[in-house]
1. Enumerate the aspartates and glutamates that B:K140 could reach by cross-link, defined here as Cα to Cα under 14 Å, with residues fewer than 8 away along the same chain left out.
2. Excluding same-chain residues fewer than 8 positions from A:K162, which aspartates and glutamates have a Cα within less than 19 Å of its Cα?
3. Counting only protein heavy atoms, what percent of the accessible surface of segment A:574-643 is carbon or sulfur at a 1.4 Å probe?
4. Work out the P(r) tail for segment A:776-872: percent of alpha carbon pairs separated by more than 16 Å, whole number.
5. Using heavy-atom solvent-accessible surface (probe 1.4 Å) with all chains present, what is the largest-first order of A:M120, B:M75?
6. Need one word for segment A:44-158: rounded, prolate or oblate. Basis is the Cα gyration tensor (sqrt eigenvalues a ≥ b ≥ c); a/c below 1.5 gives rounded, then a/b vs b/c decides.
7. How large is the Rg to Rh ratio of segment B:5-170 when both quantities use alpha carbon positions and Rh follows Kirkwood?
8. Find the relative contact order for chain A and round it to a whole percent, using C-alpha pairs within less than 8 Å whose residues are 6+ positions apart.
Amino acid sequence: MNDDTKEKPISTAFEVTDGLYAVSPLIENVPHEYEYSCIEYYGQHIYLGSTSGALLHYYELDVGNFTLISEVNFNEDRPTGIDGITLLPKIDRALVLSEGRLKMFLLPEFAPASNIPSIMNITELSLLEFCEKTQCYSCFLYTKNLVKRVSITSKEIKVEQKYNIKRIRKAIPSKDAKLLMAAVDNSYSIIHLENELVTPLFKVSETDDEELSPIVTNFGKSEYIVTCGISNDQNCMGLILNDDGEITHGTVVIENYPLTVIVDNLYVLSELHGSKCLQIHLIKENNDPVVIQNVRNQTPFHITKLQTPFITRQFNKELIEKLRYVPLIAEELQFREEQEKAYVARQIAVECHMIIYGKCGIYSLCRKPFLLTISSYGEDTLPILKSFITEESQSNYQLLQKSYLQFLYVLLLTLHMEHIDKDLIDAWLKYIDVADIRVLIYLLGFDIYGDLWIPNGLLAFSKKLHSLKLVHKCNDVLNIIQYLKFQLKETCSDSLKDSANVYLSLDLILLRDNIAKGSSNVDEYEATSYQEIAKELSKHKKEHSETLIAIYEKTKEVTPLLEILRQTDQKRLINYLNTHFQELPDTYSKEMLTDDISSALKDYNDDTVSDVLQLINNLNLDVKRLISSIEDPDTKVLLLEKLGASSTQDLTFLYEYYKAKLTVLNSKLIESSNLPITEYITNMTYNKSPFKEYLKNKLGEKKEYEGCFDVGTKLLKIEKALNIKEGSIIDDIDASFVLRIMITDISVLKEKIGFEKLLDIYLSRNDFATVESLLQANDKVVLKVIDHYLSLNNTRVISQFLNKNTCCINDSGLLIEILEKIPPTIQISVLSGFLFPLLRRKDESTYNLQIKKGILRHRTQNINNIERCLEL
Amino acid sequence: MNSNVTSIKLVLLGEAAVGKSSIVLRFVSNDFAENKEPTIGAAFLTQRVNMADHTIKFEIWDTAGQERFASLAPMYYRNAQAALVVYDVTKPQSFIKARHWVKELHEQASKGIVIALVGNKMDLLESEEDRKVAKEEAEKLSQEENLLFFETSAKTGDNVNEVFLAIGEKIPLKKSDGSNTDGLRGTEDGRIDLNKPDDTSNPNSCGC
């Protein structure tokens, strides 16, 4: 370490203006006693050459931790500056050029290869291709008088061909190695090696006053950049040429004459004279090349482009944050986040091609990955993205980055396209593998099913887009959704990730629209969506019961199907049970069946009852058990009535049921039939209908009447079956005998209560017709009836009764009794209809008797005559 | 968009500060910048012009006028199909230099190169006294050397598009099979679209 370095502290601080390139330290402390002239990076090894001939070898022991493991001099005799290190990695060798002497070194130890003599008088060399077959490198070696094409193996350097071309100071071979873009003396020239023809193009230094070091660098695959100028301190031109020597781009104006020019894609990096500043130009079509960034340091430094890139972790943190997937709609799980970070970290492999080095240390100079440079979501970003996403990707990292950018591209398209239409859908579908189509659905404001993950770098942007209500850019959103679904099924039915949830998300949009329109066709949806669709439709069960039933039939979900039938149509439920009794699930219990039957029979009609009976038959149900398990008495009675009650228990149940029911019905009937009874009794029209008929006519439409009639009839049957002879409930509740008249046949009633009582009942109701039907040839009865009718003080009633029942009065005594009862207020003319036939009949009878008497007398006389004749 | 695109390599030559870059800026970007920095080496720009059913892509090499870069000029006019030799109508010296460039082009450049002589900075002529290069003189040179001739103002845009249109019309266009034909030039009735929003050019005008 000399005194100078002690006095002037080494600045390791780089001043880097905002831009694409970032500087990151690899080795911050290198020996300060040397001026460094070249560097190479090979695996975990860094080889450093100095102007004084020292060769330093660093090894990366741990990640990012380099250790100096050897330091040798190129030339032991005298210090000679190292001009260049050229790696020959395929044969584990390196060529080191120092002041015209080219020496082979072993890799990775970076020790001189023994038994391979150095080659002298070399001014420059250009490495060509490696031949796998022969395991040798081809290389151009330039001397003052010749260009030699040599082959280099691990054991020897062999001259293959010589070209008689002199004074090459700097050269770059074309891709096919048939020509050189070279600096010959003070001119840049194109050299055709085959015919050794040198075509001068223009001067390196525009004046003869100052000699400038020529610079020739590859620009892309078949172009070169060369520099020319007036002096080291003045600005100079970088000219980009093709293989024909034609200038192909505008001039790159460099602040002063550079020591080194490196091309990195469309960026030209120039190490300016003095080596304290690196100027970076962007070459852009239709624009003058412009300086986009500067890297400065107070301590001189150099830049080099490595033969093979190394992987830098410089941007890993930022990249991981951008590229890792996070839930847009999903549960955030810590372990998943860690997994994602680890996954992305494994994929990231940012290659660094450039190193800057000097006393200040060794640093990587790396262009920020493209996705980290995107700062604008403006429309102008679209073409930039488009050009990037169409490039071929090879590594996982490139694919990951490309996927991110493709995702961003479709998001930007969604933002900037005037309309969200089929073209946009097509764009999304093009990148369906990387951009979950549900994100588009999310952006349109619809619900999403399944977990939706997106790159973290796009999360905020996506949420922002979501808030913009982009759905308004759709002229016909339903049409778009239908088109999307159709295209998904047509083009990516097999490859669509989480397809069930994607289709479900789409189906639900279509479904909700259909619900709004009041229609829903099951076939429109995916089978995988049925469950959620059913859930959605269940919110409007009444309106969409048919669709729900159709869905459950398709999904063979019997339980919810039964449930909806249960709620909407009991008859259909029983019908379904009948037709699908073999498919009923185990969960469908006997209790449920009992409940369903009970429910169905509550509001039954004949078909329902018939279906229930058939179901009982189909399921081979134990009727007794079924009936006993039914709690609802009405249903139980209905079943007993249909199936027949045989046990005393059932009969007793029925009896009690009818009894209670009849009591209620009867009391209601009495309440409602008071008026008609009085009306009937006071109606003295002799020809009025019988009381029973009257009641039927008056009350027939009343359900109580029907009920009483029905229940009473049944009750009587049960009483009979139970052999209940005394104390019928009807006796208790029917004091007025209205019910019994109504429901009971008169002969039965007569049998139960006796003729006398029966006659009294009908007499009390003034039921003239029925009383008449009860009349017997019984004088007492007739007289009783006449007494009652006379008590009514209605001449018409008594007269009509007598007129109509003359036939019953055969006895003279009776007639006399009747005549005696008739009050004198009743005129004889009124009774003529009754009396006349009686009197005529009496007259006829007397006359007949007299005839008979005459005949008998005549007969007797004849017999006497005969006897007398016989005696004689 | 036309599928028949013909590229024309066009070089601008002329003394320093005659307005070469300004003419290009007006043509390419319809813009003008005062106090433009002198060009170093050359700038390269492109502009597409639709002519009838054809598109011409002008590949424009805007060279530096300073003497320092004169040696580079052959690099730019080599293989050029058209050249604009520009002078400043207020600077007679620039016309002399223009004559020199015309001569060099005839001697060194490709045969058949279409050369347009362009007198720029017409906007500076407030009176006839301001003019230092007579139009007749320039016209005479044009006739003698078979040049197109225009007087332009890059500042106002006068006649700038017409220069390029005239060049486009004069250069035989490529057929889709790659062969050349004179028949594909824009006719008088043919539409000429400069693809510029505020195009004020008159396609039928000619400065010759």
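1. B:E151
2. Qualifying aspartates and glutamates at Cα under 19 Å: A:E124, A:E129, A:D176, A:E194, A:E196.
3. Details: 1590 of 3960 Å².
Carbon and sulfur atoms account for 40 percent of the accessible area of segment A:574-643.
4. Working: 2955 of 4656 pairs.
So the portion of pairs separated by more than 16 Å is 63 percent.
5. Working: A:M120 100, B:M75 15 Å².
Sorted descending by solvent-accessible area, the residues read A:M120, B:M75.
6. Details: a/c = 2.10, a/b = 1.27, b/c = 1.65.
Oblate shape, in that a/c is at least 1.5 and b/c is the bigger or equal ratio.
7. Ratio of gyration radius to Kirkwood radius for segment B:5-170: 0.93.
8. On the way: 1290 pairs, mean separation 50.5, N = 872.
Reported relative contact order: 6 percent.
The values are calculated or read from the model by the stated rules, or taken from the named source; none is laboratory data. Since the structure is predicted, the reported quantities are computational estimates derived from the model, not experimental observations. Cβ sites come from the backbone with ideal geometry, for glycine too, and all protein chains shown count toward neighbours. Side chains included, ligands, DNA and RNA excluded: accessible areas come from the protein's heavy atoms. Shrake-Rupley method; radii C 1.70, N 1.55, O 1.52, S 1.80 Å.
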